[in-house]
1. Pairs under 7 Å by beta carbon, first residue touching a residue at least 40 places away in the same chain (Cβ under 8 Å) in region 235-252, partner basic (K, R), six or more apart or different chains?
2. With the condition kept exactly as written, say whether any residue in region 145-154 is touching a residue at least 60 places away in the same chain (Cβ under 8 Å), open to solvent by 10 Å² or more (accessible area, probe 1.4 Å), farther than 20 Å from Q296 by Cα and not aliphatic (A, V, I, L, M).
3. Could you list all residues from region 255-285 that are touching a residue at least 40 places away in the same chain (Cβ under 8 Å), open to solvent by 50 Å² or more (accessible area, probe 1.4 Å) and either of a type outside the set (F, W, Y) or over 22 Å from L183 (Cα atoms) (or both)?
4. Quick one: how many residues across region 44-74 are open to solvent by 70 Å² or more (accessible area, probe 1.4 Å), of a type in the set (D, E) and closer than 20 Å to R241 by Cβ?
5. Hey, could you check region 286-319 for residues that are exposed (fewer than 13 other Cβ atoms within 10 Å of the Cβ) and assigned to a strand (DSSP E or B) and say which is modelled with the highest pLDDT?
6. Within region 25-42, does at least one residue satisfy the condition of being touching a residue at least 40 places away in the same chain (Cβ under 8 Å) and open to solvent by 20 Å² or more (accessible area, probe 1.4 Å)?
Amino acid sequence: MSSKDTILRLLEESRGRYLSGNELSEQLGISRTAVWKAVRQLEEEGYTVLAVNKKGYQLAEDCDILSSQSIRPFLRRPELYPDIQVHKLLESTNKTAKELANHGASSGTVVLAEQQSGGRGRLGRSFYSPSGAGIYMTVLLRPTEPAETTMLITSAAAVAVCRALKAVCGLEAQIKWVNDVYLDGRKLCGILTEAAVNFEDHRMDYLIIGIGINVTNGDFPPELREAAISLEEKLGRRLPRSPLIGELLNQLSEIDLSQRQFLEEYRARSFVLGSYVNVISPTGTERALAVNINDQGHLLIRLDDGTEKALSSGEISIRKV
């Protein structure tokens, strides 16, 4: 690791207090001039570093540039995420994660982008991803559980997002089956899970979990302004992204898919259960009552004629009536 990267890590770990040039010099075994040059490099990359005589250096409170160094201090088990990559621009973090998976990347690889040019949601929809306005992240996993168990990962990820929002922001979010997280009836987060299955042993070769969260108000296009919400709008302030990313990764790693206990929280946070929804499929639209979510993560509905169905996420889209 270069002196610049090590100093960045130390500054991130010391948010809220100054580190003296002498302290940094001794820790790194370099001269104070070399410390100053490394800080200058960080400033050239966009970091706002406060330098005060006789105090030292500190990252500005509103400095919100993502990096592996900015996220790792918030991980309870950093060994679970051996490779955290941050890119300025990607077509899609999911696409990059799949390419890495196909080239042997390890489980726990995390791909983040400051901006996506082709972010995607379910059923081929686009996901608005302007620069610096959100969290655009994909986690690569190589699960050992049977495919029928790992199919619950989208539901688990939605619960992990809600838990992270509660821990970091104090917010109680709701879930729209199967993959959207809402605040005040408006969409805050979308989740897109993709997988490659080994058909010989019916296990996942790899699984990628794409998560997009609206952090700042950004410049939502007209069609999204009423439907979407950001954390900045809800909280009335800009939220640093690294603590939320770190806690989200913590929550993902702490959910046990095999026990399925998280499904109780998933049901409790659902805002469609007990309500009528429009079930949109390739064959048309039907009105139905959302009755329950079973232990396979399927939505149980009752049509107006009394017929009951269990819907899987790949089949339909729903809209609350």
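1. Taking only residues 6 or more apart or on different chains, the pairs are N250/R76; Q251/R163.
2. Our first condition is that a residue be touching a residue at least 60 places away in the same chain (Cβ under 8 Å); within region 145-154, this holds for 145, 148-154.
When the remaining residues are screened for being open to solvent by 10 Å² or more (accessible area, probe 1.4 Å), the result is 145, 148-149, 151, 153-154.
Keeping just the survivors that are farther than 20 Å from Q296 by Cα gives none.
Taking every residue of region 145-154 in turn, none turns out to be touching a residue at least 60 places away in the same chain (Cβ under 8 Å), open to solvent by 10 Å² or more (accessible area, probe 1.4 Å), farther than 20 Å from Q296 by Cα and not aliphatic (A, V, I, L, M).
3. Within region 255-285, S258, R260, N278 meet the criteria.
4. Number satisfying all stated conditions: 3.
5. For region 286-319, the residue satisfying everything is E308.
6. No, region 25-42 contains no residue that is touching a residue at least 40 places away in the same chain (Cβ under 8 Å) and open to solvent by 20 Å² or more (accessible area, probe 1.4 Å).
One line per residue, one yes/no per condition, for (1) buried (at least 18 other Cβ atoms within 10 Å of the Cβ); (2) under 17 Å from L252 (Cβ atoms):
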| site | (1), (2) |
| --- | --- |
| V161 | yes, yes |
| L165 | yes, yes |
| G170 | no, no |
| K176 | yes, no |
| R186 | no, no |
| G190 | yes, yes |
| R203 | no, no |
| G210 | yes, yes |
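The values are calculated or read from the model by the stated rules, or taken from the named source; none is laboratory data. From a predicted model like this one, the values you see are computed outputs, not experimental measurements. For neighbour counting, all protein chains shown are included, and Cβ atoms are generated from backbone atoms with ideal geometry for every residue, glycine included. When the accessible area is computed, the model is the full protein with side chains, heavy atoms only, and any ligands, DNA or RNA have been set aside. Shrake-Rupley method; radii C 1.70, N 1.55, O 1.52, S 1.80 Å.
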